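First the structure, in the form of structure tokens, and then the observations on it.
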Amino acid sequence: MRRDQASRPAKPEARIEPSPSRAQAIAQVAAYLVECGVDAGQAQDDARALLRAATGLSRLQLAMSPQAPLSDVEADRLSRYAARRAAREPVSRILGQRGFWTLDLTVAANVLDPRPDTEALVETTLALTEKPDAPLTILDLGAGSGAITCALLSELPAARAVAVDISPDACVATQANIARCGLSGRASVLRGRWGDALAGKFDIIVSNPPYVRAGDIAGLEPEVRLYDPTLALDGGADGLDCYREIVADLPRLLAPNGLVAFEVGSDQAVSVASLLGARGFSIARVGRDAGGHERVVAARRAPPRS
């Protein structure tokens, strides 16, 4: 049973009229989702995505034949998908996959669902990578689904990566997505707490650690609160516990002139930059997500003086 499942209010049954057209089914599902608390604009997009999954249609096929009728099997499948979405289960979890960067990734149970905001971390890291064709070494701390590892390796053809997560489910998910993206020969997955089990220096260290304040978790959207693991969300009383732990270990793990990039909460950039500055790191960039929020803090370790 998912967190708080027993306390969820009962939802009305998904209502799909007999033998609807595809367009009618989308309208019916969208109306049902709005009735169950999903944002109206999002409900339309979700209904289309669920119908495509229920029918196996592409976007183009749906656009070309919106008046074609649904079969009974398709309507039943769509009803079941709609009921799950009405319980605020994210579409990506219902479908078991999500597009991230240029990749299609598997979304696993008990593992953080990768978000579009995290693409800002990938974008910032690539923009600051001075020699993208070099045999760089990458460390992804708290890899989750492996989204960041896979995206960076897909853009840095000579790079190799180590992905670390404390969750065994996350390690399995990361390994699966690395294989799905054809990157198994350039990446390894380790279970552990941050960099504790590692030795040596890495050219690039990236991390999207838990950063939600513990007291704020109960107020998160149901799609996050009910379906993402608390382990991947809880950043302690002020949301900064994991940053403190990782930053303290950076001098041991990051190569001279190496790059570290963190995803941060929308109001945490200044605090994380201060933690890095206190350890002698120079801030290279504060990157913004698509919504304009400060979402990434990137810094460099100064090379030793000659």
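Remarks
- Pair list, Cβ under 6 Å, 6 or more apart: segment 136-152 residue assigned by TED's automatic domain parsing to the domain that holds Ala173, other residue aromatic (Phe, Trp, Tyr) and part of a loop (DSSP other than H, G, I, E, B): Leu141/Trp194; Ala151/Trp101
- Residue that is surrounded by the most Cβ atoms within 10 Å (Cβ to Cβ), among those in segment 224-272 that are within 24 Å of Pro168 (Cβ to Cβ) and among the acidic types (Asp, Glu): Glu263
One line per residue, one yes/no per condition, for (1) acidic (Asp, Glu); (2) at positive phi; (3) touching a Lys or Arg at 6+ places or on another chain (Cβ under 8 Å); (4) touching a residue at least 60 places away in the same chain (Cβ under 8 Å):
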residue: Arg225; (1), (2), (3), (4): no, no, yes, yes
residue: Pro229; (1), (2), (3), (4): no, no, no, yes
residue: Ala232; (1), (2), (3), (4): no, no, no, yes
residue: Leu259; (1), (2), (3), (4): no, no, yes, yes
residue: Ile283; (1), (2), (3), (4): no, no, no, no
residue: Gly287; (1), (2), (3), (4): no, no, yes, yes
residue: Arg295; (1), (2), (3), (4): no, no, yes, yes
residue: Ala299; (1), (2), (3), (4): no, no, no, no
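- Filtered residues of segment 109-120 (kept if buried (at least 20 other Cβ atoms within 10 Å of the Cβ) and touching a Ser or Thr at 6+ places or on another chain (Cβ under 9 Å)): Val111, Leu112, Asp113, Pro114
- Residues satisfying the stated conditions in segment 121-169, i.e. out of contact with any helix residue (DSSP H, G or I) (no Cβ under 8 Å at 6 or more places or on another chain), outside any helix (DSSP H, G or I) and crowded, with 24+ Cβ neighbours inside 10 Å: Val164
- Meets criteria (closer than 15 Å to Leu139 by Cα and aliphatic (A, V, I, L, M)) for Ile217: no
- Residues in segment 13-55 that are at pLDDT below 90 and either touching a Phe, Trp or Tyr at 6+ places or on another chain (Cβ under 7 Å) or buried (at least 17 other Cβ atoms within 10 Å of the Cβ) (or both): Ala14, Arg15, Ile16, Pro20.
- For segment 168-181, the criterion of being of a type in the set (S, T, N, Q), free of Cβ contacts under 8 Å to residues at least 40 places away in the same chain and touching a strand residue (DSSP E or B) at 6+ places or on another chain (Cβ under 6 Å) is met by at least one residue.
- The set of residues from segment 56-82 being hydrophobic (A, V, I, L, M, F, W, C) and buried (at least 17 other Cβ atoms within 10 Å of the Cβ) comprises Leu57, Leu62, Leu70, Ala75, Leu78, Ala82.
- Residue ranges of helices (runs of 4 or more DSSP H) in segment 20-120 with at least 2 members touching a Leu at 6+ places or on another chain (Cβ under 8 Å): 22-35, 40-55, 72-86, 91-95
- Condition met for Asp76 (more than 30 Å from Arg301 (Cα to Cα) and without any contact (Cβ under 8 Å) to a residue 60 or more places away in the chain): yes
- Residue list for segment 214-257, filter: outside any helix (DSSP H, G or I), under 27 Å from Leu198 (Cβ atoms) and among the acidic types (Asp, Glu): Asp228, Asp234, Asp238
- Exactly one residue among Ala218, Ala248, Ala187 is of a type outside the set (Ser, Thr, Tyr) and free of Cβ contacts under 8 Å to residues at least 12 places away in the same chain, and that residue is Ala218.
- Residue check, Gly144 at pLDDT below 95 and not charged (D, E, K, R): no
- Residue that is out of contact with any helix residue (DSSP H, G or I) (no Cβ under 6 Å at 6 or more places or on another chain) and modelled with pLDDT of 95 or more, where the choices are Ala290, Ala218, Ala261, Ala302: Ala218
- Screening Ala278 against (1) touching a helix residue (DSSP H, G or I) at 6+ places or on another chain (Cβ under 9 Å); (2) surrounded by 13 or more Cβ atoms within 10 Å (Cβ to Cβ) leaves a single unmet condition, (2).
- Within segment 153-171, the residues that satisfy the criterion of being farther than 21 Å from Arg301 by Cα and either of a type outside the set (A, V, I, L, M, F, W, C) or outside the structural domain of Phe202 (by TED's automatic domain parsing) (or both) are Ser154, Glu155, Pro157, Asp165, Ser167, Pro168, Asp169.
The values are calculated or read from the model by the stated rules, or taken from the named source; none is laboratory data. Nothing here was measured: the structure is a model prediction, and the numbers come from that model. Cβ coordinates were reconstructed from backbone atoms using ideal geometry, including for glycine residues, and neighbour counts include every protein chain displayed.
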